1. Using Cα pairs under 8 angstrom and six or more residues apart, how large is the relative contact order of segment 64-165, in percent?
2. For segment 226-329, just run the numbers: alpha carbon Rg, then divide by 2.2 N^0.38 Å, N being how many residues it has.
3. In whole Å and largest first, what semi-axes does the C-alpha gyration tensor of segment 136-309 yield when each eigenvalue is scaled by 5 and square-rooted?
4. What's the ranking of 1-7, 115-121, 130-136, 318-324 by average number of surrounding C-beta atoms within 10 Å, highest first?
5. Compute the relative contact order of segment 136-309 as a whole-number percentage, counting only Cα pairs closer than 8 Å that sit 6 or more residues apart in sequence.
6. Can you pull the one-decimal nm distance between simple spin-label points at HIS194 and ASP209, each 7 Å off the Cα toward Cβ?
7. Ranked from highest to lowest mean number of other Cβ atoms within 10 Å per residue, what is the order of the peptides 139-150, 283-294?
8. Highest mean first, how do 53-65, 157-169, 197-209 rank when packing is the count of other Cβ atoms within 10 Å averaged over residues?
Amino acid sequence: MVQETTVLGIESSCDDTAAAVLRLRDGRAEVLSSVVATQDKLHEAYGGVVPEIAARAHAEKLDLATEDALNEANVDLAELDAIAVTAGPGLIGGVLAGVQFAKGLSVGAGLPLVGVNHLAGHALTARMTDDVVYPFVVLLVSGGHCQLLLVEGPESYTRLGSTIDDAPGEAFDKVARSLSLTQPGGPSIEHEAHSGNADRFQFPRPLLDQPNCNMSFSGLKTAVLRERDRVMDGDALRIGDRADLCASFQKAVADVLAEKSRRALGAAQEAAPITTFAVAGGVAANTEIRDRLEQVASEAGVRFVAPPLKYCTDNAAMIAYAGAELFALGHRDGPTLSARPRWPLDTASQALVGGGRKGPKS
Ligand code: KG4
Ligand code: ZN
């Protein structure tokens, strides 16, 4: 008999209000709809996400996004088997808005509720898009996350390494701001870097001298700032200098991510029969970084999976998928489900220092 589960996913942990409908048929996922309402315009003037504004906008848009997702999928509430909602980690106001909304819908429609860890959503995306089997290694690199994880099941994560300060996307955004480039910084820097000399500035490769898989990007950002000030002619930064700064910075980030991923894969391969190295998060859109990571996977003899960008960045399909896996294992949350600003995937590892734009790194 065909096993079929249809799940509504809801995501509101940062600045995207998202809803999606996903169907899992005999273990294969089909995304029936994935709606993402971004809040970019609301936060633009502030140079970063303002938590209170984000929370209010989520509360206003959650029902609309959900309605759109159900309509697009051509699925009624009555056809759903469960509702999956991001219950953390993230900006608490936004997470709360999503959890409260999902609780109301679950009670009103008589549907089971499953609370999902946002990071688990990212970590399991490669299974949703490419049928990746456990165990595998994933690198989450975005504006708010930077972790290397060994994933052995929907509830089994070992953190192999993570940033101790900024996430790489955060560094891209801050460097872009200091070079008067538009936000988000990643694509702007990548564009500038095309015409730059990546070997002109020897930026540090933080923590490469340490044998572990932890990373740091905050000092790198400061080093770029220092070089910018050194090469500036009065108030003006020459176009060529800016391109060289971007190319050299991007190469430094790529070097760190590639080397730490290589070490993480080596460590994971000693512990488990890894077949895949997957990436997730907005920074995985960067061609140089992606190419370097693909090379690392090929040297380690494993498959490289980079899901389509729309599922790498924040979305609700990944939450529906992670929820469907948990639902299949019998997970059910009720009205007592709480919103958690911090929620490490690997509860056995100690938390690392580090704030960051989305609150504490988890
Ligand atoms: O996953 P995401 O959409 O949101 C979260 O932060 O969760 O990632 C956004 C981040 C931003 O910091 C953006 O600058 C970065 O991903 N990014 C890139 C590129 N495209 C987006 N970084 C480097 N190169 C890119 N092409
Ligand atoms: Zn995310």
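The values are calculated or read from the model by the stated rules, or taken from the named source; none is laboratory data. Please read all numbers here as calculations on a predicted model, not as lab measurements. Because the Cβ atoms are built from the backbone with ideal geometry, glycine has one as well, and the counts that use them run over all protein chains shown. The protein model used for the area step is the full one, side chains on, heavy atoms only, and it has no ligands, DNA or RNA in it. Shrake-Rupley method; radii C 1.70, N 1.55, O 1.52, S 1.80 Å.
1. Values: 117 pairs, mean separation 17.9, N = 102.
Averaging sequence separation for qualifying contacts and normalising by length gives 18 percent for segment 64-165.
2. Working: Rg = 18.6 Å, N = 104, 2.2 N^0.38 = 12.8 Å.
For segment 226-329, the normalised Cα radius of gyration is 1.45.
3. Values: eigenvalues 185, 43, 37 Å².
Ellipsoid semi-axes (Å, largest first): 30, 15, 14.
4. Values: 1-7: 13.9, 115-121: 27.3, 130-136: 16.7, 318-324: 32.9.
Ranked from most to least packed, the peptides come out as 318-324, 115-121, 130-136, 1-7.
5. Details: 330 pairs, mean separation 46.7, N = 174.
Relative contact order for segment 136-309 comes out at 27 percent.
6. 3.7
7. Details: 139-150: 27.4, 283-294: 19.8.
Ranking the peptides 139-150, 283-294 by packing returns 139-150, 283-294.
8. Working: 53-65: 19.3, 157-169: 24.1, 197-209: 15.8.
In descending order of packing, they fall as 157-169, 53-65, 197-209.
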